[in-house]
Amino acid sequence: MTAVVERHGRGFHLVTPVLESIALSKAAGTRVYMKLENVQPTGSFKIRGIGYFCQEAAKKGCKHFVCSTGGNAGLATAYAAKKLGISATIVVPTNTSQATVQKLEEQGVKVEVFGKVWDDAYIKALALAETEGWVSVHPFDHPLLWEGHATMVRELKESLGAKPGAIVLAVGGGGLLAGVVAGLQDVGWQDVPIVAVETKGADSFNASLRAGRLVTLPQITSVAKSLGAKTVCVRALECASEGQVISQLVEDVEAVQAIEQFLDDERLLVEPACGAPLALLYTGYVQQLQQEGHLKPDLDSIVIIVCGGSSIQMAGLQALKAQLGMK
Ligand code: PLV
């Protein structure tokens with residue numbers, strides 16, 4: 001366990017702040033702490049796992065990284081590649097905004113646009129990674145990623161001391177979930193319930209849990225493109241059987257409303273992927289889960305992983321509101 005901390009002490013990620021949010025606490029009826037992963041280099045938690053994965057690949061002689069991504073994993077790969085002096089190709093689906101493509105290009109990587117959704121881009125990336133010396137960086141399905149993400153739980157333990165009553169996080173392909181579960185197991189907090197939030201239309205984890213096996217969604221219809229993996233990783237389902245994982249869906253409108261409220265309350269702008277767990281706190285779902293007996297009525301505190309995301313600007317937020325018919 002100590003070795004992991006030492007190794008990650010030299011990683012590319014930052015130790016992020018843990019702040020209490022008065023507004024979120026009021027909304028959720030329980031003290032809420034924010035783990036601010038949005039302040040990581042490249043704007044999301046992804047650099048923890050991807051930074052670690054890329055460092056390990058570099059040690060083994062990697063010549064070039066290939067990453068298929070909804071955006072943030074690609075930005076993290078580009079950042080890590082630059083630090084390591086290794087070139088990279090980032091494959092994004094056509095639903096990726098021009099602003100994100102530009103941000104990637106500014107990091108000095110080659111960008112290829114391929115396929116309608118992330119799953120299509122992934123197939124393309126795997127084909128590219130056949131090249132000798134090239135390494136595919138998966139955005140959510142690799143043990144090194146989870147080990148890297150797990151560092152956030154160690155930091156939480158150091159900042160909070162006491163165990164939180166629940167952890168709220170977003171699920172796309174399930175890498176963040178797998179990392180947090182690994183971290184909880186490392187620090188002996190495996191009995192802390194996790195509320196795993198997705199938007200309707202990007203609900204591959206919820207669908208798999210309900211079916212008791214991996215389910216592939218026919219399509220992604222949610223505006224939370226960073227949660228848009230049609231199938232979660234196998235490990236995500238295993239996590240649900242190892243600990244207490246509560247799956248909850250929110251509406252796209254609720255996620256976007258949450259982004260706006262969070263901007264007003266905490267002056268931080270995040271993607272719909274992060275709006276989803278925020279909506280859980282803002283929209284009365286915590287109280288509902290407590291009434292239904294899924295969460296204890298007397299939670300000491302809740303930690304929300306503010307996963308962040310770089311694919312959002314004021315204009316993009318306005319466009320999302322217009323698209324969803326919001327005022
Ligand atoms: N985004 C992945 C997968 O996209 C990517 O390529 O960047 N919050 C943010 C801001 C994210 O970018 C992501 C994943 C998640 C949450 C969900 O994390 P996961 O996939 O580990 O569950 C299609």
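Once both labels are modelled 7 Å past Cα along the beta-carbon direction, what's the Ala99-Glu20 spacing in nm?
The modelled label-to-label distance comes out at 3.4 nm.
Of Lys63/Lys230; Lys46/Lys83; Lys59/Lys163; Lys82/Lys110, which sit over 24 Å apart, Cα to Cα?
Lys63/Lys230; Lys59/Lys163
Which order do the peptides 55-63, 29-37 take when ranked by the mean count of other beta-carbon atoms within 10 Å per residue, highest first?
So the peptides 55-63, 29-37, ranked by packing, come out 29-37, 55-63.
Could you please state how large a percent of the accessible area of the stretch 46-141 is carbon and sulfur, counting protein chains only and using a 1.4 Å probe?
52 percent
Compare the Cα positions of Leu128, Leu176, Ala211 along the charge dipole of the stretch 97-221 (+1 at Cβ of Lys, Arg; -1 at Cβ of Asp, Glu; about the Cα centre) and return the one farthest towards the positive end.
Most positive-ward Cα: Ala211.
On C-alpha positions alone, give me the angle between the axis of helix 46-59 and the longest principal axis of the chain, in degrees, nearest 10.
So the inclination is approximately 30 degrees.
Express the carbon and sulfur contribution to the solvent-accessible surface of the stretch 220-306 as a percent, rounded to the nearest whole number, probe 1.4 angstrom.
43 percent
Starting with the highest mean, order 175-181, 92-98, 46-52, 228-234 by the number of other Cβ atoms within 10 Å, averaged over the residues of each peptide.
Top to bottom by mean Cβ count within 10 Å: 46-52, 175-181, 228-234, 92-98.
Between helix 272-282 and the chain, what is the angle of the helix's C-alpha long axis to the longest principal axis, kept within 0 to 90° and rounded to the nearest 10?
So the helix axis and the longest Cα principal axis differ by about 10 degrees.
Relative contact order of the stretch 46-141, please, whole-number percent, based on alpha carbon pairs below 8 angstrom and at least 6 residues apart.
Computed value for the stretch 46-141: 35 percent relative contact order.
Calculate how many DSSP beta bridges within the stretch 15-161 are antiparallel, expressed in % of all such bridges and rounded to the nearest 5.
Restricted to the stretch 15-161, the bridges split so that about 25 percent are antiparallel.
Please state the charge dipole magnitude for the stretch 87-216, taken about the Cα centre, from unit charges on C-beta atoms (+1 on K and R, -1 on D and E), reported in debye and rounded to the nearest 20.
With only Lys, Arg, Asp and Glu charged at Cβ, the dipole is about 380 debye.
Check which residues have an amide H placed less than 5 Å from Ser136's amide H, if you skip close sequence neighbours.
Val66
Quick check: residue separation of Asp298 and Ala319 times 0.36 nm, minus the Cα distance between them. What number comes out in nm?
Difference between extended and current length: 3.6 nm.
Using +1 at the Cβ of each Lys and Arg and -1 at the Cβ of each Asp and Glu in the chain, identify which of Ala319, Val195, Tyr282 lies farthest towards the dipole's positive end.
Working it through, the farthest residue towards the positive pole turns out to be Ala319.
So for the chain: antiparallel DSSP bridges make up what percent, rounded to the nearest 5?
If we restrict to bridges inside the chain, about 15 percent are antiparallel.
Suppose every K and R has +1 on its Cβ and every D and E has -1 on its Cβ; what is the size of the dipole of the chain about the Cα centre, in Debye to the nearest 20?
Charge dipole, the chain, about its Cα centre: 540 debye, nearest 20.
Which whole-number value in Å² is the accessible area per residue of the chain, probe 1.4 Å?
40 Å²
Nearest 500 deg cm²/dmol is fine: what mean residue ellipticity at 222 nm does the chain get from its DSSP H runs of n ≥ 4 alone, each adding -39,500 (n - 2.57), divided by its residue count?
After summing the helix terms and dividing by the residues of the chain, the value is -13500 deg cm²/dmol.
Packing-wise, with mean Cβ within 10 Å as the measure, how do 197-206, 217-226 rank, highest first?
The packing order, highest mean first, is 197-206, 217-226.
The values are calculated or read from the model by the stated rules, or taken from the named source; none is laboratory data. Keep in mind it's a predicted model, so treat the numbers as computed, not measured. Ideal geometry is used to build each Cβ from the backbone, glycine not excepted, and the neighbour counts take in all protein chains shown. With ligands, DNA and RNA removed, areas are computed over all heavy atoms of the protein, side chains included. Shrake-Rupley method; radii C 1.70, N 1.55, O 1.52, S 1.80 Å.
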